[in-house]
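Okay, so here's the structure we're looking at.
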Amino acid sequence: MWAIYSPENFPKRDEDNNEWVDYKGACGMTIILRAHQWTELESFYKHTYFESWLQGDGNTREAVVTGKQVAERLAGDFRLRGIRCADLDRITPEGKAVLEKEAEADNLKFRRMFVLRFEQQFRTKMQGGPGRWVPNQYEQECYDILQLRPPDVVQHNQPQVQTQAPVIVQPDPEMIQQLVAQQVEAKLTELGLSK
């Protein structure tokens, strides 16, 4: 049985559990992939499609694609993202482990590419060109997984953490009495009422 390994979830979900449009599909099939898991595919899939979008006459065709075709196509099209495929009936556990390790390494390289792309846009924006100040949700996920921080200007929106308690100076009562006495004496002298 053919299966696909992915180092990240497809489709993606945001904080409100809404799906993004980042689905992965091949040969007319959309496959739901879970991070760090092998997703087994069916032996074959039926795919219905229009013969020609230009004619618009509604003629449809059916095609049968195998799980192997879907797996090989996904692993080829999205190899840089770390997607791999294998026939689970024929691969050894050591072979699976090697594929998983390669997939994870390629995925980290792919995420690093997204971080570099955002930072280039950030630098362009700082110089007055078109760009962005804030990374999008996937780029932020890449920063988190790679344990990096976005550029500093982005951090200004986050609350500052105070590291030390403020120092409170207690006034000296004797010193205050002396100062008040000096001020009163100066005012009395100014008014000509001094003793």
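Here are a few things to note about the model shown:
- For the range 109-121, the condition of being surrounded by fewer than 15 Cβ atoms within 10 Å (Cβ to Cβ), touching a residue at least 40 places away in the same chain (Cβ under 8 Å), out of contact with any helix residue (DSSP H, G or I) (no Cβ under 9 Å at 6 or more places or on another chain) and assigned to a helix (DSSP H, G or I) holds for none of the residues.
- Which numbered condition residue 131 misses (of (1) under 14 Å from the mean Cα position of the chain (by Cα); (2) surrounded by 14 or more Cβ atoms within 10 Å (Cβ to Cβ); (3) without any contact (Cβ under 8 Å) to a residue 12 or more places away in the chain): (1)
- The residues on offer are 105, 63, 97, and the sole one that is at pLDDT 90 or above, over 18 Å from residue 8 (Cβ atoms), surrounded by fewer than 18 Cβ atoms within 10 Å (Cβ to Cβ) and not β-branched (Val, Ile, Thr) is 97.
- Checking residue 118 against (1) at negative phi; (2) at pLDDT below 90, the condition it does not meet: (2)
- Among (1) of a type outside the set (Gly, Ala, Ser); (2) in contact with a helix residue (DSSP H, G or I) (Cβ under 8 Å, 6 or more places away or on another chain); (3) surrounded by 12 or more Cβ atoms within 10 Å (Cβ to Cβ) - the single one residue 80 does not satisfy: (3)
- So residue 71, is it buried (at least 20 other Cβ atoms within 10 Å of the Cβ) and either closer than 28 Å to residue 109 by Cα or at pLDDT below 80 (or both): yes
The values are calculated or read from the model by the stated rules, or taken from the named source; none is laboratory data. Quick caveat, the model's predicted, so the values are computed rather than measured. Note that we place each Cβ from the backbone using ideal geometry, even for glycine, and neighbour counts take in every protein chain shown.
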